[in-house]
Amino acid sequence: MNLRRARKDTSVAPLPLIALIDVVLFMLMYFIIAGTLAPAEGELPATLSAEKRGAGSGGEFSSQVLRVSARGAGASFALGSRVVQDQASLTAILRELPKEPGVVVRVDDDVLVQWAAAALQAARDAGFTRVSYVAGK
């Protein structure tokens, strides 16, 4: 007869640390990549720098504002007092303007994406390198 107590195994099973480390590293890589794909809108470059916006000589130009709004089945492109209906006329008007200050394309909420893209493309075709896009009214 065995009077000794049965001995319990008090050791804890080892955790699979390699699998845990792999999961943590995959999650870390996922969050790093997903968080840095696109810059925040606040970090996008503005059309003019702060030095050019300040009070300066009268020879400095400010950027042109091109307003795109819906008109019937098409769009209306307004640049100051000039209003045109097609992209070719808009490109011709933009070619006459100075290129250094840039152009700001302001698009109303009810405008189709194709008309906003047409305005941006017209600015690029006219030779502008600084083109900013502003959505909404």
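Descriptive notes on the structure:
- On full extension, the segment bounded by ARG130 and ASP86 gains 13.7 nm, given 0.36 nm per residue less the C-alpha separation.
- The alpha carbons of the stretch 62-135 stretch over 33, 22, 20 Å along the principal axes, in descending order.
Only the coordinates and a few stated rules stand behind these numbers; no lab work does. Just so it is clear, the structure is predicted and the values come from calculations on it, not from any experiment.
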